[in-house]
Structures are given as structure tokens and as C-alpha cells.
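Reading through the C-alpha cells given below for one structure.
Read-outs: derived from the displayed coordinates by stated rules, not from any lab. Small disclaimer: the values here were computed from a predicted structure and weren't measured. We place every Cβ from the backbone using ideal geometry, glycine too, and count neighbours over all the protein chains shown.
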Amino acid sequence: MSEPLLTIEDLVVKKNKESKAIISRLNLQVASGEMIGLIGESGCGKSMTARAILNLLPGQMNAKGKILYGNRNLLSLSRQEHRKLLGKEIGIIFQDYRGSFTPFIRVGKQMVETIRAHSPLSKKEAKAVTLDVLAEMGLEAERVYKSYSFQLSGGQVQRAAIAMSLALKPSLLICDEVTTALDVMSGEKVLDYIEKMRKETGCAVLLITHDLTQAYKRTDRIYVMEQGEIVESGTPEVIRCNHQHPFTKKLCGCVLALPGEGSGVQPTREKVIFI
Ligand SMILES: Nc1ncnc2c1ncn2[C@@H]1O[C@H](COP(=O)(O)OP(=O)(O)OP(=O)(O)O)[C@@H](O)[C@H]1O
Ligand code: NI
């Protein structure tokens, strides 16, 4: 692994000081250019981990430990410093992609404003970048630019949200269940675009998913989370074939996967069932 870009050390997140930890002593590393999978059952703390990185934990929740981005501890940055990093250095695509754009402002205008908030580009230059990245995502750039988000399909909005992230060229992109609300084909396309972006910009990706097959197919390394703890980590092959933890065994035992073209996933002797 090359130099770590993001290092989470002993992260503990609690609803309040007295309550049980939602995340307990979590350790995780993402190197530049890596695609990392964070998998686990619903409610195990995947989104809270992303929120802690982004300083977007709800209400009274507090986080202890270290989240090092380069040599800066994100947990000790001011809100203002954090905001500067968001988007520009660290991009996020949420599960609820509709929330990426407000419904009252045209998609193009929002993209131009976001780009300009993070760079010294003129309106005209920002518009050119916006049209470029929308086209890059395989969208009809002019039409999407002029549309309100509710005039587009789910997949189109999701791709526009990725285009937005691409325009800001973050070093780290966090994708939280980005395909959950999409049909399989649209979901695959969205992941293809994320991979394309990674190849083009060299950014690292933290792919949060409860879809084990997706993690196997797309990531370089996988962290398995259970009830707020990382119980296992390794390459997709190790997690699939040589997992040690009973939870990973259970998780792998639940997978039903199709032997997809170019998936890189070979049938194994054990728990993963291919039909
Ligand atoms: N706003 C909130 N206030 C208090 N507790 C919360 C809040 N949001 C989530 N939680 C709790 O934090 C824990 C971790 O939730 P989190 O959203 O990180 O799960 P997840 O792994 O992302 O699940 P999913 O796969 O369903 O998205 C859960 O027990 C959840 O009930
Ligand atoms: Ni979640």
C-alpha cells in the first residue's frame, strides 16, 4: 500500500458521553488511488463512520480518536476549516442522491455555484467545466444543465451528483450506498463512472455498501464491520476465501452472485453461492 491518505485511529462515536458506543475503536486506512470497501449489515455504523470523517455527526454525538487526512486530524479542525475540505478535497455521494441538489434551482446553476465556491473560476469557465463533466458522465449535458433535479431520472441525478464531485477533483471520494436506490443496470453504470473517475483523477474511493458482491468486484481491499467494530479486513480474495471471523463467514454465506462478465470473481469451493 502506498502512503495513506486517510487514517482512522481508534475512532469511538457515542450518542452522548454515558451511552454505549455506536462505533468502537475503529481503525481503517485508505491510500491514494485505492478503492476501499466498507461492508456490514444495516445499522452497524457504516454511514456514521462517513459522517464522522465529514464532521456531519448528528446532534449531540461526539467522536474521539483520530481521523488523519494527510497530517491533519479532521476531528480537531474548526467547522470552517472542515467546510473548506469538503467537496474540494473530500467528496461525498450519498445514498439519498435526490438530496444532492435542491429542487428549486436548476442543476447546472447549482453545479456552477458549487464549483465557484471551491475555485477562482469565472461563471463562464465554471459553466464550461460543468458541461464537460456532465458529458463525461454520459449525460446529455445541455439538457441536464437546464433541468431541475425532479425532471431527471434517479440514475441521471445520481450521475449528475458524481459529475459534480468529478468537477471538484477530490482526492478522496466517499460513496455511501450509492446504488441502493437504483436498478441493477443503472447501479452498475454509476459504479463504472466512479471507477472511470478514479482512473482519470487518481482519487481514492471509500465505497460503503451492504452489497458484498459489489465490494468483491470493485474494491482493492475490504473492511468488514459488525456492531460498530471492524472485525476483519483484507483483499476481496482473502475476505471471500480465507475469512476468519464468524460474522464474515455468515455474511459470505448469504451472498448470491451471478458469475458476471469481467467480474474477476471466480467460483470458490465454499460459502459464496453462484447460480
Ligand atoms: N440521527 C441519529 N441519532 C441517533 N442514532 C442514530 C442516528 N442515525 C443512526 N443512528 C444509529 O447509529 C447506528 C449506526 O447507524 P448507521 O446509519 O451508521 O448504520 P449503517 O451501517 O450505515 O446502516 P445502513 O446499511 O442501513 O445504512 C444505528 O444503531 C442507528 O440506529
Ligand atoms: Ni448507511
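Within straight cross-link reach of residue 14, meaning Cα distance under 15 Å, which aspartates and glutamates are found once same-chain residues fewer than 8 apart are removed?
Answer for residue 14, where 15 Å is the Cα cut-off: 229, listed by chain and number.
To the nearest 500 deg cm²/dmol, what mean residue ellipticity at 222 nm is calculated for the chain from DSSP H runs of n ≥ 4 alone, each contributing -39,500 (n - 2.57), summed and divided by the residues?
-11000 deg cm²/dmol
If each of residue 196 and residue 84 carries a label point 7 Å out from its Cα toward its Cβ, how far apart are those two points in nm?
Label-label distance for residue 196 and residue 84, simple model: 3.4 nm.
Per the Kirkwood formula on distinct C-alpha pairs, the Rh of region 1-102 is how many angstrom?
Hydrodynamic radius (Kirkwood, Cα only) of region 1-102 equals 14.5 Å.
If you place +1 on the Cβ of every Lys and Arg, -1 on the Cβ of every Asp and Glu, and leave all else neutral, what size is the dipole of the chain about its Cα centre, to the nearest 20 Debye?
That gives a dipole near 840 debye.
Quickly work out the residue 95-to-residue 19 label distance, labels modelled 7 Å from Cα along the C-beta direction, and quote it in nm with one decimal.
About 1.7 nm separates the two model spin labels.
How big is Rg to Rh over region 78-182, alpha-carbon atoms, Rh as the Kirkwood inverse-mean-distance radius?
0.95
What's the Cα-based Rg to Rh of region 102-156, Rh via Kirkwood?
Result: Rg/Rh = 0.96.
Based on the Cβ-Cβ distance of residue 113 and residue 250, what FRET efficiency does E = 1/(1 + (r/R0)^6) give at R0 = 45 Å, to the nearest 0.05?
Efficiency, from the Cβ-Cβ distance: 0.45.
Which cross-chain or sequence-distant (5 or more) residues have an amide H under 5 Å from the amide H of residue 95, H modelled 1.01 Å from N in plane?
When sequence neighbours closer than 5 places are left aside, the close amide H contacts are 176.
In the chain, which whole DSSP H runs stretch at least 20 Å along their own axis (Cα) and average 0.0 or higher on the Kyte-Doolittle scale?
Span-like helices in the chain: 154-168.
If you average 1/r across every pair of different Cα atoms in region 136-221 and take the reciprocal, what Kirkwood value do you get, in Å?
13.4
Please order 114, 235 by the number of other Cβ within 10 Å, starting at the fewest.
The most exposed by this proxy come first: 235, 114.
Would you mind ranking 192, 220 by Cβ crowding within 10 Å, fewest neighbours first?
In order of increasing Cβ crowding within 10 Å: 192, 220.
Provide 48, 61 in ascending order of the number of other Cβ atoms located within 10 Å of each residue's Cβ, fewest first.
61, 48
Would you compute, for the Cα atoms of the chain, the largest minus smallest coordinate along each principal axis and list the three values in descending order, in whole Å?
Principal extents (largest minus smallest coordinate, Cα): 55, 47, 34 Å.
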